[in-house]
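Down below is the structure, laid out as structure tokens.
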Amino acid sequence: AACPNIGECWGRKHATMMIMGEVCTRACAFCNVATGRPAALDPLEPDNVAAAVAQLGLGHVVITSVDRDDLEDGGAAHFAKVIRAIRRESPGTTVEVLTPDFKGKNGAIEAVVEARPDVFNHNLETVPRLYPSIRPGARYFTSLELLHRVKRLDPLMFTKSGLMAGLGETREEISQVMDDLRAADVD
């Protein structure tokens, strides 16, 4: 999705792989991924991702995805299959997931946590006031609750989040987001 840091990652044997297709069901203002009706999930994708991780000899891999609001679990089971396949093929590789919010679908977060990624990442992206224009298909407090729920499910799992700056937020709003993340027990 046009990441500006690709050279730094490759130099450290790190890579990010996007799963579940190249068409997203949402239209976030900051994203460079096509929006529309996605194709069916590729059942071979977990094994293919794991094979690529092994072949590249990655020390760390980030598994991210498009939003798949069309799927019953938002794609959580697919994330879990990818994590398990990587563990099987490359047990020394650390696995970070950067997940969507799964639209709050029951059991989705639990499925991913149960697969035991090393890092559970979910980006808030912006401050609550800007969600309607920047992330119209998402809700700030749903994302915050997702992160807090991961910690309740597994207090030892490392959690993190990202926030973009320069979209019109104030310093006070950023401070409030940081307070919210601390209250949600995000690492």
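Table for the structure above
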| quantity | calculated |
| --- | --- |
| The range 148-160 - phi-based ³J(HN,Hα) in whole Hz, Karplus 6.51/-1.76/1.60, Gly and Pro as x | 5, 5, 4, 5, 5, 6, 8, x, 8, 6, 6, 10, 8 |
| Ratio Rg/Rh, restricted to the range 1-132 and using Cα atoms, in which Rh is the Kirkwood radius | 0.95 |
| Farthest positive-ward along the chain dipole, Cα basis, beta-carbon charges - from 38, 163, 113 | 113 |
| Kirkwood Rh and Cα Rg combined as Rg over Rh, evaluated for the range 1-60 | 1.02 |
| For the range 6-45 versus the range 161-187, the gap between their alpha-carbon centres in whole angstrom | 24 |
| Per-residue ³J(HN,Hα) for the range 36-43, Karplus 6.51 cos²θ - 1.76 cosθ + 1.60, θ = phi - 60°, Hz, x for Gly and Pro | x, 9, x, 6, 4, 5, 8, x |
| Of 171, 84, 26, the one that fluctuates the most in a GNM where the chain has Cα springs shorter than 10 Å | 171 |
| Of every Cα-Cα pair in the range 76-187, the percent that sits beyond 21 Å | 37 |
| Cut-off under 5 Å, modelled amide H: who pairs with residue 66 long-range | 19 |
| Neighbour-limited loop hits for GluC sites (Glu not before Pro), the range 20-101 (at most 15 other Cβ within 10 Å; DSSP other than H, G, I, E, B) | 22, 72 |
| Solvent-accessible area, 1.4 Å probe, carbon plus sulfur percent, for the chain | 54 |
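The values are calculated or read from the model by the stated rules, or taken from the named source; none is laboratory data. Bear in mind that the values here come from a model prediction, so they are computed numbers and not experimental data. Note: ideal-geometry Cβ built from the backbone for every residue, glycine included; neighbour counts use all protein chains shown. Just so you know, the surface numbers come from the protein's heavy atoms only, side chains and all, with ligands and any DNA or RNA stripped out. Shrake-Rupley method; radii C 1.70, N 1.55, O 1.52, S 1.80 Å.
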